[in-house]
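A short reminder: the numbers here are calculations on the coordinates, not readings from a lab. None of these values were measured; they are calculated from a predicted model.
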Amino acid sequence: MAKLSNSIGKNINFFQPELKLKITISLQLLDKIKLKVIRHFPNEFGGIFVGYYDAFCKTAYITDIATQKYFFNTKISFQRFTKDINKKLNSLYQQTGGKIIYLGEWHSHPNGICSFSQTDFIAMQKIVKNKNVKIDLPLLLIYGGTKKELHYKFYVFCKDRLYQFIRN
């Protein structure tokens, strides 16, 4: 089982130099995602990010994740059924007066690399084109590797391209 970090409440930052964008997320939340990935290993698994962008849309603050009740997953694919997760998103949006919103996606590539696939790229294109999703810069996090040694990369979809973040 993966070791949890001892730094509950500490945030780490990631930076995308070409777009001058930043992500802030807690180590505790990254550990929460990692545990979900390990629990479903060797099958893919995923969910969504919620949080908010600053007033200038230059920093994304990831405050939590949500996962779906109903999904289909295999060693090489993950498909969620969105009805229950959309209800969660709408409820969260209403409860926070529109402050907390959908920020993007996360999923795993068990026994694979943490780079995005063509399927991931197409999925991000569809998110941006979906009129019900009101976000211009959706985030993507991919965990890859073995159950004992997982790695991750953050991306942002902008201008029909996925840009990788670096740890700041």
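Can you work out the Karplus-derived ³J(HN,Hα) for every residue in region 96-111? Use 6.51 cos²θ - 1.76 cosθ + 1.60 with θ = phi - 60°, whole Hz, and x for glycine or proline.
Listing the rounded values in order: 9, x, x, 6, 8, 10, 5, 10, x, 10, 9, 6, 10, 10, x, 6 Hz.
With the contact rule set at Cα under 8 Å and sequence spacing of 6 or more, what percent relative contact order holds for the chain?
So the answer I get is 22 percent.
Over region 11-167, what is the percentage of antiparallel beta bridges among all DSSP beta bridges, to the nearest 5? Don't jump to the answer; show the numbers that get you there.
Values: 34 of 44 bridges.
The answer is about 75 percent antiparallel.
Which far-off residues, 5 or more places away or on another chain, put their amide H under 5 Å from the one on ILE76, with H placed in the peptide plane?
GLU44
Divide by every residue of the chain the summed helix terms, -39500 (n - 2.57) for each DSSP H run of at least 4, and state the resulting mean residue ellipticity at 222 nm, rounded to the nearest 500 deg cm²/dmol.
That comes out to -7500 deg cm²/dmol.
List the pairs from LYS83/LYS129; LYS75/LYS148; LYS20/LYS129; LYS58/LYS159; LYS87/LYS126; LYS88/LYS129 whose alpha-carbon separation is above 26 Å, in the order I gave them.
From the list (LYS83/LYS129; LYS75/LYS148; LYS20/LYS129; LYS58/LYS159; LYS87/LYS126; LYS88/LYS129), the Cα-Cα distance tops 26 Å for no pair.
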